[in-house]
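The structure appears below as structure tokens.
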């Protein structure tokens, strides 16, 4: 059983990287770089802009993406090992996000970008350590009605997509 537990990530070292794992890692890195590139250009006022229908500031959301990479990778690694992801619900995710927003409402641009860089690099390294067999392994995921999802799908739907999703929301909020 794997649940939302921590925001630290132990990075395994791959002896050989599968092409699929490397492609996933590259897409994650590309999204993180795109989010970082935009974040570095933001004014102080833009950093504090609230995202419509979300309520969090742009700065908090950039920090959030960096914060979530370790959790998303840990859940993907559980699937890679054939373990179900249990007790992870959208309500738990919403609570985690609300707690994060409150705790990091004054996050600086430098802090958020540093976390985004470090955790996206660690996430990419962890993805590269996965074999094709691990990427194909499936197990029930409570976040998705206990549907048996592959590790690769989970990575694509969460860690890889995360920066792109929030980048689009930030651009819309800033009209960029």
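Read-outs: derived from the displayed coordinates by stated rules, not from any lab. Quick caveat, the model's predicted, so the values are computed rather than measured. In this analysis, Cβ positions are derived from the backbone assuming ideal geometry, glycine residues included, and neighbour counts consider all displayed protein chains.
In angstrom, the C-alpha Rg and Dmax of segment 19-174 are 15.5, 47.
Dividing the helix sum by the residues of the chain, where each DSSP H run of 4 or more adds -39500 (n - 2.57), gives a mean residue ellipticity at 222 nm of -19500 deg cm²/dmol. Fewest-first ordering of 113, 127, 73 by other beta carbons within 10 Å of each residue's beta carbon gives 113, 73, 127.
Each pair of Cα atoms in segment 63-114 enters the Kirkwood radius, and Stokes-Einstein at 37 °C and 0.692 mPa s then converts it into a translational diffusion coefficient of 263 µm²/s.
For residue 146 and residue 19, the FRET efficiency from 1/(1 + (r/R0)^6), where r spans their Cβ atoms and R0 equals 25 Å, is about 0.25. In terms of surrounding Cβ atoms within a 10 Å radius of their Cβ, 137, 19 rank from fewest to most as 19, 137.
Computed on the chain, with alpha-carbon pairs under 8 angstrom and 6+ residues apart, the relative contact order is 39 percent.
By its C-alpha gyration tensor, with a ≥ b ≥ c as the square roots of the eigenvalues, how is segment 89-135 shaped: rounded for a/c under 1.5, else prolate for a/b larger than b/c, else oblate? It comes out oblate by the Cα gyration axes.
Here the extension length gained between residue 110 and residue 90 equals 4.2 nm, from 0.36 nm per residue of separation less the Cα-Cα distance.
The coefficient of translational diffusion for segment 103-176, derived via Stokes-Einstein from the alpha carbon Kirkwood radius under 25 °C and 0.890 mPa s, stands at 168 µm²/s.
The calculated Kirkwood hydrodynamic radius for segment 132-171 is 11.0 Å, given to one decimal from all distinct C-alpha pairs. Working from label points 7 Å from Cα in the Cα-to-Cβ sense, the residue 138 to residue 34 distance is 2.8 nm.
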